[in-house]
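> Handing you this structure, nothing more for now.
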Amino acid sequence: MPVQVLPYASYGLRLWSMSEMNTEGDDLGQLVMAMPRRELFALKGIIQNVSLPVLESLQHEHWFALPEVIADDLEAKEVRIGLLVERDSQYLVDNDGVLLHAAEVPPEVEHFGAGLLGLKNLAVSAGRELMQSDGKNIQLWGYLNEDSLIETRPYFILIYKMIASDDCQVPDEMKWVGIDDFDSLALDPASALFAEVLSGKSSPGSAS
């Protein structure tokens with residue numbers, strides 16, 4: 001089940017937890033974005049430094065295919081976007097322990113910009129719908145490419161961070177959690193990775 005359904009213009013944008021993205025559902029016929037694995041082998045874990053070869057590959061070499069076709073292609077990986085929402089050093093977490101929300105990228109994203117511009121606009125739309133705000137304070141924060149977790153193995157995820165305004169209402173079934181309180185939560189595996197980095201208990205990876 002999706003954590004939240006966020007309309008992207010007239011298209012359906014769904015934010016998922018990492019564990020839910022591997023379950024079968026109604027979207028099996030939906031084409032999604034893919035990119036070559038070639039530039040991703042140098043990335044492991046949560047990466048914050050900009051990798052121009054990765055961005056250039058994503059910009060110029062992406063395509064769209066069925067998820068099961070991408071999964072069977074050893075030279076490809078599905079591209080997703082992820083969203084972190086922060087306000088005064090607190091992060092938005094839902095009642096299921098999801099800190100990092102992710103969304104599939106449908107072909108319709110191309111109507112809102114080519115390549116990286118379309119992905120940024122998709123993240124802006126997600127943040128706007130989630131927080132009922134203008135979504136202006138959203139920037140690319142980093143990437144997630146982690147093959148050691150079954151929940152994240154099929155995906156290369158661009159992570160966008162939104163700085164929410166003080167007057168933003170908390171969405172239903174979500175709450176603000178301070179960095180020092182992450183340890184008290186039962187976070188999903190991908191969110192737990194981000195909690196470790198955000199709290200300073202581990203450092204982001206790097207491109208080798």
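The values are calculated or read from the model by the stated rules, or taken from the named source; none is laboratory data. It should be emphasised that the depicted structure is a prediction, and the values quoted were computed from it without experimental measurement. Backbone-built Cβ (ideal geometry, glycine too); neighbour counts: all protein chains shown.
> For Gly127, state whether it is at pLDDT 90 or above and surrounded by 18 or more Cβ atoms within 10 Å (Cβ to Cβ).
No, not satisfied.
> Would you confirm whether any residue within the stretch 181-190 is within 13 Å of Ile81 (Cβ to Cβ), under 16 Å from the mean Cα position of the chain (by Cα), buried (at least 21 other Cβ atoms within 10 Å of the Cβ) and not charged (D, E, K, R)? Let's see the steps before the verdict.
Here is the first cut: in the stretch 181-190, the residues within 13 Å of Ile81 (Cβ to Cβ) are none.
Taking every residue of the stretch 181-190 in turn, none turns out to be within 13 Å of Ile81 (Cβ to Cβ), under 16 Å from the mean Cα position of the chain (by Cα), buried (at least 21 other Cβ atoms within 10 Å of the Cβ) and not charged (D, E, K, R).
> On to the next question. Quickly run through the stretch 160-208 and pick out the residues that are hydroxyl-bearing (Ser, Thr, Tyr) and within 12 Å of Leu99 (Cα to Cα).
Residue satisfying the conditions is Ser191 alone.
> Quick one: how many residues across the stretch 169-188 are touching a strand residue (DSSP E or B) at 6+ places or on another chain (Cβ under 7 Å) and either assigned to a strand (DSSP E or B) or free of Cβ contacts under 8 Å to residues at least 24 places away in the same chain (or both)?
5
> Ok, one more. Can you tell me which of (1) part of a helix (DSSP H, G or I); (2) free of Cβ contacts under 8 Å to residues at least 40 places away in the same chain; (3) under 20 Å from Val170 (Cα atoms) is the one Gly127 doesn't meet?
(2)
> Give me a count of the residues in the stretch 130-168 that are under 15 Å from the mean Cα position of the chain (by Cα), in a loop (DSSP other than H, G, I, E, B) and β-branched (Val, Ile, Thr).
Total meeting the criteria: 1.
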